[in-house]
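See structure below.
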Amino acid sequence: MSAVRLVAFVFAALVLQTTLARYLVRGSVGVDLVLVVVLYVSLKAGPTVGMLTGTAAGLMQDSLTTGIVGIGSLGKTLVGYLAGVAGRAFIVTQPVPRFLVFFAATLLEMTLITGLRAVVTPGPAAVRAGAIIAQAVGNALVGIVLFQLTETRPRILERQRQGRGSR
């Protein structure tokens, strides 16, 4: 995956997350599209690219929020690296293993971010366990759809080319 494509992919996720997400989930955070892109890139390109993508995407996302800059970036960096390692160590080419990676990575990232915020800012944690699980399921489903779209598109285009060539 080229660097230009990677930046465009992350930028598109940021734009969709900041503009469309509030309309789709009615004000609650149901899917973290930026995390989905980081995990997708990590599974496709490996731990180093996943870690760098997580760092850059997390910093960009943190800069658009009112929270502490760096907490989201740290979570996405760690999760991007670990997902890349899992993608290299295990066979993660089918929907169920991909679902599990997306689900577990979201749980890890949300737990890490919630824990860091609890340490840095006083007061009770604002995220409930049900919301974390719902986001993990949402991210996993969107991640599987993203993989299906990117893997079936080249096959569809090839079939179209073959159909035109036989005429």
Charge-dipole axis of the chain as Lys and Arg at +1 and Asp and Glu at -1 on Cβ define it, positive-most pick from VAL79, VAL69, ALA89: ALA89
Suppose only helical runs count, i.e. DSSP H with n ≥ 4. What mean residue ellipticity at 222 nm does that imply for the chain under -39500 (n - 2.57) per run, divided by all residues and rounded to the nearest 500 deg cm²/dmol? -27500 deg cm²/dmol
Footprinting proxy, VAL38, VAL31: sorted fewest to most Cβ within 10 Å, the residues are VAL31, VAL38
Assertion target for SER42, SER73, SER2, ordered by fewest C-beta neighbours within 10 angstrom first, is SER2, SER73, SER42
Could you list VAL41, VAL120, VAL49 so that the one with the fewest beta carbons within 10 Å of its beta carbon is first and the one with the most is last? VAL120, VAL49, VAL41
Dipole moment magnitude, nearest 20 debye, region 3-165 about Cα centre, only Lys, Arg, Asp, Glu C-beta charged: 500 debye
To test your reading of the geometry: what angle, between 0 and 90 degrees and rounded to tens, separates the Cα axis of helix 129-165 from the longest principal axis of the chain? 20 degrees
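Any read-out appearing in this document is the output of simple, stated calculations on the displayed coordinates, not a laboratory observation. Fair warning: this is a prediction, and the values are worked out from it, not measured in the lab. For neighbour counting, all protein chains shown are included, and Cβ atoms are generated from backbone atoms with ideal geometry for every residue, glycine included.
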